[in-house]
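> Pasting a structure here, questions to come.
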There are 2 protein chains.
Amino acid sequence: MPHRLFNFSAGPAVLPEAVLEEARENLLSLGDSGVGIMEHSHRGKAFTEVYEETVSACRELANIPENYKILFLQGGASSQFYFAPMNFLPDERTADYHVTGTWSQKAIKEAKILGNAHTASSSEDKNFNYIPKSYDYSDNPVYVHMTSNNTIFGTQYQSLPEIPENSFLISDNSSDIFSKPIDVTKYGLIYAGAQKNLGPSGVTLVIIRDDLIQKGSKKLPSMLQYRTHADKGSMFNTPPTFGIYIMGLVLKWIHSEGGLSAMDKKNKQKAGILYNYLEQSKLFNATAEKEDASLMNVTFVTGNEELDKKFIQCTEANGFSGIKGHRSVGGMRASIYNAFPEAGIEALVKLMKQFESDHQ
Amino acid sequence: MPHRLFNFSAGPAVLPEAVLEEARENLLSLGDSGVGIMEHSHRGKAFTEVYEETVSACRELANIPENYKILFLQGGASSQFYFAPMNFLPDERTADYHVTGTWSQKAIKEAKILGNAHTASSSEDKNFNYIPKSYDYSDNPVYVHMTSNNTIFGTQYQSLPEIPENSFLISDNSSDIFSKPIDVTKYGLIYAGAQKNLGPSGVTLVIIRDDLIQKGSKKLPSMLQYRTHADKGSMFNTPPTFGIYIMGLVLKWIHSEGGLSAMDKKNKQKAGILYNYLEQSKLFNATAEKEDASLMNVTFVTGNEELDKKFIQCTEANGFSGIKGHRSVGGMRASIYNAFPEAGIEALVKLMKQFESDHQ
């Protein structure tokens, strides 16, 4: 077993060791098939089983009703930023966006290239350190788009926004998918790049309601229509087979850890250790409003850029990786997704206490 | 070392064992970084090195001039089918397509959704068993599109088609990229899904000339413009990091095997063993015209569907995998990309001889 650092990377991010170990054993031969997991035809029996197990694990874990399809696409959330308006936003209609950080800014920017997009709420006035609680919806928006967790600014929706009747909710759940129970029936479309809570980069999980698949534009290239991928069970073209395999292992790992309620409990406990310390620290301060603070990405600063830099160096010298904050916020960011171990947070807090005591 | 079958899959396909073994050693920790290859941030030092080494290996291997960018995109060749016309085919112009099989049929179909596309040649009259030698170009096409090797029908261009002046060549090289030397300066844009000669599915290699990047449409969503990915060194969004890593290992493996000329020699030798036998066999016949026969995918039949089926069962019973032909051609297909070992072809021919002798 190689020595492993505590990896606070925002994504690609830490994966469960059990998953990595299982993948390692199957690189040269998936089970006793004599063909490595990356080398199996996507249409062969062995990979078909991997695919079906991944779909089933996903459906079971999140209790996804039969009238939703589970798709594995490519291109990350950034591709869904244009997929969604291309499919659902006709010229004469408007789509509404909740703008809670860099990713939702990018999502509305792409929508505006393709049609009418309206800002229904924004927390830009305070550098996105909170989640807006009041909304200014347009008249009869075709859909409402939100970003469930804001990786860069460390905020997270604690409950879903109410949306206008006859509209449907599209959510970019890339950075908190399956970190807690989810009621899929509240959404029309959920998408998530895998590289935070689900697997490696290069595969996007899409959960979409059947009626929306049918409603999508038919004037698009085949690959840009959700119906193409839904009709072919994500096999219209060659899917990212290895990514799907790893996602399946991660979903089974979540199941073995007790499922989404257990993840939620653990994530609250893990983030709680860090937030509790931050609340009483005289040196370090959380940047997000307490009531909207993310359980996935904990952002904090000392208020002194030099000291932030010194602390980051200190973490690196002590075997922590990836704790430097995004330049939009500065300071530090601890990304502590499902697979991040509690021991790593305890070790970080211990180091922060020492650093605080050394810099009073 | 697990027992490995001879894997004739058309893609995802066999990878060099040395590559799989190296990847296995880096799944839990890339070198001594303490963070697995899939878990490294795409913006961190460790992955930046992987990315830069992969670009360099590619540039060096194929002698790619500095005025071409090397990009790693997602969505496979199927996404390039619409990327190319979206970027380069304005309403008032026409693009010409050489239609030599299922994949070029798909390419022109997507182009026709987006603009004017003209069939400059087609071998559909003989179920695509040859490469057309004469062309009917439209007046001043903006580009000419070709598929260098036809996985399903077992044909391959032996030399590039002449194209009209003021046009540029776009080629889908998915199934024979880096199987032989290539003069990149003859092309405007080359694309290749990785899952045949380069790595796992989920990463697409794009080699594109600088002036075309600039000429591409600016009215598209950011992710659909080549310039976006070129400007950001494939890091506008999170790239498929693991796929890029594996591609880098494969490129270095090709280099260690002697480069593209050595690959060409080996591929000729390998395919030669099978074609030589087919030429004198009284039971098995190659389906592609001899002069256009592919070194990557060797398609053959007995002429009797029942016997084909029996032979396929015989290969499976004898530890070969993935030799069933595509339903468009029927019979058998031996996909023998760069990483496929010569020993596997010798073993296949031995089995074919035995089967022939048993069924005279």
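The values are calculated or read from the model by the stated rules, or taken from the named source; none is laboratory data. These numbers come from a predicted model, not from an experiment. Here Cβ is always computed from backbone atoms with ideal geometry, including for glycine, and neighbour counts include all displayed protein chains. Only protein heavy atoms, including side chains, enter the accessible area calculation; ligands, DNA and RNA are left aside. Shrake-Rupley method; radii C 1.70, N 1.55, O 1.52, S 1.80 Å.
> Of the residues in the stretch B:204-218, how many are open to solvent by less than 10 Å² (accessible area, probe 1.4 Å) and of a type outside the set (A, V, I, L, M)?
Final tally of qualifying residues: 2.
> Within the bounds of the stretch A:267-287, is there any residue that is of a type in the set (Asp, Glu), over 18 Å from A:PHE8 (Cα atoms) and within 20 Å of the chain's Cα centre (by Cα)?
no
> Just checking, does the stretch A:257-274 include any residue being more than 14 Å from chain B (Cβ to nearest Cβ), part of a helix (DSSP H, G or I), of a type in the set (Gly, Ala, Ser) and within 29 Å of B:ALA194 (Cβ to Cβ)?
no
> Now a separate question. Can you tell me how many residues in the stretch B:258-280 are touching a Ser or Thr at 6+ places or on another chain (Cβ under 9 Å) and closer than 14 Å to B:PHE355 by Cα?
Number of matching residues: 0.
> Taking only the stretch B:18-76 into account, find how many residues are among the β-branched types (Val, Ile, Thr) and under 19 Å from A:PHE340 (Cβ atoms).
2
> Next question, about the same structure. For the stretch A:1-31, which residues satisfy the criterion of being assigned to a helix (DSSP H, G or I), within 7 Å of chain B (Cβ to nearest Cβ) and surrounded by 21 or more Cβ atoms within 10 Å (Cβ to Cβ)?
Hits for the stretch A:1-31 are A:LEU20, A:ALA23.
> Which residues, counting only those in the stretch A:173-195, are closer than 30 Å to A:GLY331 by Cα, assigned to a loop (DSSP other than H, G, I, E, B) and not charged (D, E, K, R)?
Within the stretch A:173-195, A:ASN173, A:SER174, A:SER175, A:ILE177, A:PHE178, A:SER179, A:ALA194, A:GLN195 meet the criteria.
> Could you figure out which of (1) assigned to a helix (DSSP H, G or I); (2) farther than 20 Å from B:ALA18 by Cβ; (3) open to solvent by 50 Å² or more (accessible area, probe 1.4 Å) isn't true of B:ILE312?
(3)
> Take residues that are of a type in the set (Lys, Arg) and modelled with pLDDT of 95 or more and tell me which of the strands (runs of 3 or more DSSP E) falling wholly in the stretch A:65-172 contain 1 or more. Quick ask: steps written out before the conclusion?
Numbers: elements: A:68-73, A:94-99, A:116-122, A:143-147, A:168-172.
It comes to A:68-73.
> What are the residues in the stretch A:313-326 that are within 14 Å of another protein chain (Cβ to nearest Cβ) and within 16 Å of A:SER357 (Cα to Cα), if any?
Matches in the stretch A:313-326: A:THR315 only.
> Answer yes if at least one residue in the stretch B:126-139 is open to solvent by less than 40 Å² (accessible area, probe 1.4 Å), within 14 Å of chain A (Cβ to nearest Cβ) and in contact with a strand residue (DSSP E or B) (Cβ under 9 Å, 6 or more places away or on another chain), and no otherwise.
Within the stretch B:126-139, none of the residues are open to solvent by less than 40 Å² (accessible area, probe 1.4 Å), within 14 Å of chain A (Cβ to nearest Cβ) and in contact with a strand residue (DSSP E or B) (Cβ under 9 Å, 6 or more places away or on another chain).
> Regarding A:THR299, is this residue surrounded by 14 or more Cβ atoms within 10 Å (Cβ to Cβ) and either in a strand (DSSP E or B) or free of Cβ contacts under 8 Å to residues at least 12 places away in the same chain (or both)?
Yes, satisfied.
> Given the criteria assigned to a helix (DSSP H, G or I), more than 8 Å from chain A (Cβ to nearest Cβ), of a type in the set (A, V, I, L, M, F, W, C) and touching a Phe, Trp or Tyr at 6+ places or on another chain (Cβ under 7 Å), does B:ALA46 qualify?
Here the answer is no, as B:ALA46 does not meet what is asked.
> Hey, another quick one. May I ask you to list pairs of residues, at least six apart or on different chains, whose Cβ atoms are under 6 Å apart, with the first in the stretch B:221-235 being among the hydroxyl-bearing types (Ser, Thr, Tyr) and the second being outside any helix (DSSP H, G or I)?
B:TYR226/B:ILE208; B:TYR226/B:GLY216; B:THR228/B:PHE236; B:SER234/B:LEU71; B:SER234/B:PHE72
> Going through the stretch B:271-292 one residue at a time, which ones are touching a Phe, Trp or Tyr at 6+ places or on another chain (Cβ under 7 Å) and either open to solvent by less than 40 Å² (accessible area, probe 1.4 Å) or in contact (Cβ under 8 Å) with a residue 60 or more places away in the chain (or both)?
Just the residues of the stretch B:271-292 that are touching a Phe, Trp or Tyr at 6+ places or on another chain (Cβ under 7 Å), to begin with: B:278, B:284-289, B:292.
Those that are touching a Phe, Trp or Tyr at 6+ places or on another chain (Cβ under 7 Å) and either open to solvent by less than 40 Å² (accessible area, probe 1.4 Å) or in contact (Cβ under 8 Å) with a residue 60 or more places away in the chain (or both): B:LEU278, B:PHE284, B:ALA286, B:THR287, B:ALA288, B:GLU289, B:ASP292.
> Taking the conditions exactly as written (touching a strand residue (DSSP E or B) at 6+ places or on another chain (Cβ under 9 Å), assigned by TED's automatic domain parsing to the domain that holds B:ASP264, part of a helix (DSSP H, G or I) and of a type outside the set (A, V, I, L, M, F, W, C)), does B:GLU291 satisfy them or not?
no
> Being in contact with a strand residue (DSSP E or B) (Cβ under 7 Å, 6 or more places away or on another chain) and open to solvent by 10 Å² or more (accessible area, probe 1.4 Å) is the filter; apply it to the stretch B:77-88 and report the residue that is nearest to the other protein chains (Cβ to nearest Cβ).
Residue satisfying both the conditions and the ranking: B:ALA77.
> If I ask for residues that are in contact with a strand residue (DSSP E or B) (Cβ under 7 Å, 6 or more places away or on another chain) and crowded, with 22+ Cβ neighbours inside 10 Å, which ones from the stretch B:109-121 would you list?
B:ALA111, B:ALA117, B:ALA120
> Quick check on my filter: what residues within the stretch A:32-43 are more than 8 Å from every other protein chain (Cβ to nearest Cβ) and either out of contact with any Ser or Thr (no Cβ under 8 Å at 6 or more places or on another chain) or part of a loop (DSSP other than H, G, I, E, B) (or both)?
A:ARG43
> Please go through the stretch B:219-255 and pick out each residue that is open to solvent by 30 Å² or more (accessible area, probe 1.4 Å) and either closer than 27 Å to A:THR241 by Cα or within 12 Å of chain A (Cβ to nearest Cβ) (or both).
Matches in the stretch B:219-255: B:LYS219, B:LYS232, B:PHE236, B:LYS252, B:TRP253, B:HIS255.
> Shifting gears a bit: Checking the structure you have, find out if any residue of the stretch A:187-203 is hydrophobic (A, V, I, L, M, F, W, C), open to solvent by 10 Å² or more (accessible area, probe 1.4 Å), more than 11 Å from the chain's Cα centre (by Cα) and more than 14 Å from chain B (Cβ to nearest Cβ).
Within the stretch A:187-203, none of the residues are hydrophobic (A, V, I, L, M, F, W, C), open to solvent by 10 Å² or more (accessible area, probe 1.4 Å), more than 11 Å from the chain's Cα centre (by Cα) and more than 14 Å from chain B (Cβ to nearest Cβ).
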